[in-house]
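The values are calculated or read from the model by the stated rules, or taken from the named source; none is laboratory data. What you see is a predicted model; the values in this text were computed from it and never measured. No Cβ is skipped: glycine too gets one built from the backbone with ideal geometry, and neighbour counts run over all protein chains shown. Just the protein is used for accessible areas: all its heavy atoms, side chains included, with ligands, DNA and RNA removed. Shrake-Rupley method; radii C 1.70, N 1.55, O 1.52, S 1.80 Å.
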Amino acid sequence: MEPPPGDTVARLREVIRGGSSSPAVAETEAGELFVLKLAGAGAGPRGLLTEYLATGIARRVGLAAPSARPLLLAKDFPWQVGTDEFDDLVKRSAGWNLGVAFIPDAVPLAPDD
């Protein structure tokens, strides 16, 4: 069974610098933008599951949190952005990863914020 177009990563636009787990801005086949958190980085699939559940709980209790959903990254996904190391990370992350809604005007918070 093929996943819906909205659940499949079609293109990686850029690597988000400064992210501890090398997230990337991804576009789905349906044209939606997400911050793609990769299963091959950081705490791995369990960490992504924890983030997915925590984001869902936050939204259900009325907190302002972006939506999140699983996104499929093809096993043979071609190199598009970043370094060789990032491409290796993408290859290790083939399968289901976590997409967090992209907020175009978002800025990183400083420690004092």
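Worth a mention:
- Single unsatisfied condition, residue 54 versus (1) surrounded by fewer than 14 Cβ atoms within 10 Å (Cβ to Cβ); (2) farther than 21 Å from residue 108 by Cα: (2)
- Scoring residue 26 on the criteria (1) in contact with a strand residue (DSSP E or B) (Cβ under 7 Å, 6 or more places away or on another chain); (2) open to solvent by 20 Å² or more (accessible area, probe 1.4 Å) leaves a single failure, condition (2).
- Any pair with Cβ under 8 angstrom, 6 or more apart, that starts in the stretch 55-68 at a residue that is free of Cβ contacts under 8 Å to residues at least 24 places away in the same chain and ends at one that is open to solvent by 30 Å² or more (accessible area, probe 1.4 Å) and of a type outside the set (A, V, I, L, M): 59/67; 65/59
- Single match in 42, 82 (criterion: at pLDDT below 90, open to solvent by less than 60 Å² (accessible area, probe 1.4 Å) and farther than 23 Å from residue 6 by Cβ): 82
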